[in-house]
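J.: Take this structure, written in structure tokens, and hold onto it; I'll ask about it next.
The values are calculated or read from the model by the stated rules, or taken from the named source; none is laboratory data. Note that this is a predicted model, so its numbers are computed, not measured. Positions of Cβ are generated from backbone atoms using ideal geometry, with glycine treated the same way; all protein chains shown enter the neighbour counts.
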Amino acid sequence: MRNNPDTLHVFGVHLIGLNAQTAHKLVLTVAFIAAVWIVGVLVRRLLALFGSASHSERFRFWSQQVTAILLTIALVLGVLSIWFDDPARLGTAFGLVTAGVAFALQRVITSVAGYFVILRGKTFNVGDRIVMGGVRGDVIALSFMQTKIMEMGEPPPVQDADPAVWIHSRQFTGRICTVTNDKIFDEPVYNYTHHFPFIWDEIRLPVHYTQDRAKAEAILLGAARTHALTPEKVPAEQLETLDRLYNLKNLDIEPRVYWRLTDNWLELSVRFLTPDHGTRPIKDAMSRDILAAMDEAGLTVASATQEITIFQGPETTGGPV
């Protein structure tokens, strides 16, 4: 049988499936990938200069995502153009590859789909504080398959939730958690900062029924109005955005105190608005002012106590009963 003149030989060994045309395509592929990588590095550095000049976190985030998508599209189209110049061969190969990839890489494909859902639905941006896949914290990176989150602690009402953390407040723990993007299809994503970078919080204070309840309420309101956010401290454009996007009108931003009757004491709960970051210092300052004002007013915090009364029977005389 006559040898194909285009077939490559190495040390007299015939390389099956590798000929001059295939080697040429391989060299072109490597060169094209290197060129795309170099272009990507240059574009990212140029965007980083613009981003540092504008000091816009949103610009840096979206420029990175758009660059990654465009480079990926260019890379895929370029490689396909090099290897599949015949449309018939391209259709056959594409069908086989798609079937194999869909079966073997289901979770990967779902994660990539989740990435585009995150971008298209504006679920969150880098810098947003979210809860995703059971992880609470700030988004520090987003890629095609994964989201990196700087973990924060858990406030007391959710300290039993998994995974357990040792910080009992919404402050960083120091751990960086990686969550796959497919989690958005399985669980809700909670965003603390999207369009409305504020959250409501509460401080509960138990007081005795016999004490000056109106004075205790005034102390709570005074601390909240001093340290928390009031309507005049919230930018009007933030409220207008909520009204325009979600038809949320007349939000009650003014601090309020609510009463709840219990078997042992009256529970006063002051509800107030804080920024999405920095809630703990506000609650700390409020707690200090509340305790100082209560001491000055002669008020005390109620606590669960148990009173035991011993009744002594009449003295008995005589021998043992």
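J.: Provide a single number: the residues in region 206-224 that are among the small types (Gly, Ala, Ser) and either outside the structural domain of Glu267 (by TED's automatic domain parsing) or under 34 Å from the mean Cα position of the chain (by Cα) (or both). If you could, list the steps in order and put the result at the bottom.
T.: Within region 206-224, the subset among the small types (Gly, Ala, Ser) is 214, 216, 218, 222-224.
Then drop every residue that is not either outside the structural domain of Glu267 (by TED's automatic domain parsing) or under 34 Å from the mean Cα position of the chain (by Cα) (or both), which leaves 222-224.
Residues meeting the conditions: 3.
J.: Continuing with this model, one more query. Looking at Ala285, is it outside the structural domain of Gly137 (by TED's automatic domain parsing), under 18 Å from Leu205 (Cβ atoms), at pLDDT 95 or above and over 36 Å from the mean Cα position of the chain (by Cα)? Show your work before the answer.
T.: Details: outside the structural domain of Gly137 (by TED's automatic domain parsing): yes; under 18 Å from Leu205 (Cβ atoms): yes; at pLDDT 95 or above: yes; over 36 Å from the mean Cα position of the chain (by Cα): no.
The answer is no for Ala285.
J.: Is it true that Leu291 is assigned to a helix (DSSP H, G or I), loosely packed, with under 14 Cβ neighbours inside 10 Å and aliphatic (A, V, I, L, M)? So that I can check it myself, show each step before the final result.
T.: Working: assigned to a helix (DSSP H, G or I): yes; loosely packed, with under 14 Cβ neighbours inside 10 Å: no; aliphatic (A, V, I, L, M): yes.
When the stated conditions are applied, Leu291 does not pass them.
J.: Which residue is surrounded by the fewest Cβ atoms within 10 Å (Cβ to Cβ), if the candidates are limited to region 257-280 and must be of a type in the set (D, E, K, R) and in contact (Cβ under 8 Å) with a residue 24 or more places away in the chain? Spell out how you get there, then give the answer.
T.: Within region 257-280, the subset of a type in the set (D, E, K, R) is 260, 263, 267, 271, 276, 280.
Now restrict to residues that are in contact (Cβ under 8 Å) with a residue 24 or more places away in the chain: 267, 271, 276, 280.
Numbers: Glu267: 15, Arg271: 17, Asp276: 17, Arg280: 17.
Filtering region 257-280 for residues that are of a type in the set (D, E, K, R) and in contact (Cβ under 8 Å) with a residue 24 or more places away in the chain, the one surrounded by the fewest Cβ atoms within 10 Å (Cβ to Cβ) comes out as Glu267.
J.: Has region 190-202 got at least one residue that is over 25 Å from the mean Cα position of the chain (by Cα) and not assigned by TED's automatic domain parsing to the domain that holds Gln171? Don't jump to the end; show me each part of the working.
T.: Residues of region 190-202 that are over 25 Å from the mean Cα position of the chain (by Cα), as a first pass: none.
Scanning region 190-202, I find no residue that is over 25 Å from the mean Cα position of the chain (by Cα) and not assigned by TED's automatic domain parsing to the domain that holds Gln171, so the answer is no.
This table checks each residue for (1) in contact with a Gly (Cβ under 6 Å, 6 or more places away or on another chain); (2) in the same structural domain as Gln146 (by TED's automatic domain parsing); (3) over 23 Å from Ile184 (Cβ atoms); (4) at pLDDT 70 or above.
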residue: His24; (1), (2), (3), (4): no, no, yes, yes
residue: Leu28; (1), (2), (3), (4): no, no, yes, yes
residue: Ser52; (1), (2), (3), (4): no, no, yes, no
residue: Glu57; (1), (2), (3), (4): yes, no, no, no
residue: Ser63; (1), (2), (3), (4): no, no, no, yes
residue: Val66; (1), (2), (3), (4): no, no, no, yes
residue: Val76; (1), (2), (3), (4): no, no, yes, yes
residue: Ile82; (1), (2), (3), (4): no, no, yes, yes
residue: Thr98; (1), (2), (3), (4): no, no, yes, no
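J.: Being among the aromatic types (Phe, Trp, Tyr) and in a loop (DSSP other than H, G, I, E, B) is the filter; apply it to region 169-210 and report the residue that is nearest to Asp252 (Cα to Cα).
T.: Checked region 169-210; the qualifying residue nearest to Asp252 (Cα to Cα) is Phe196.
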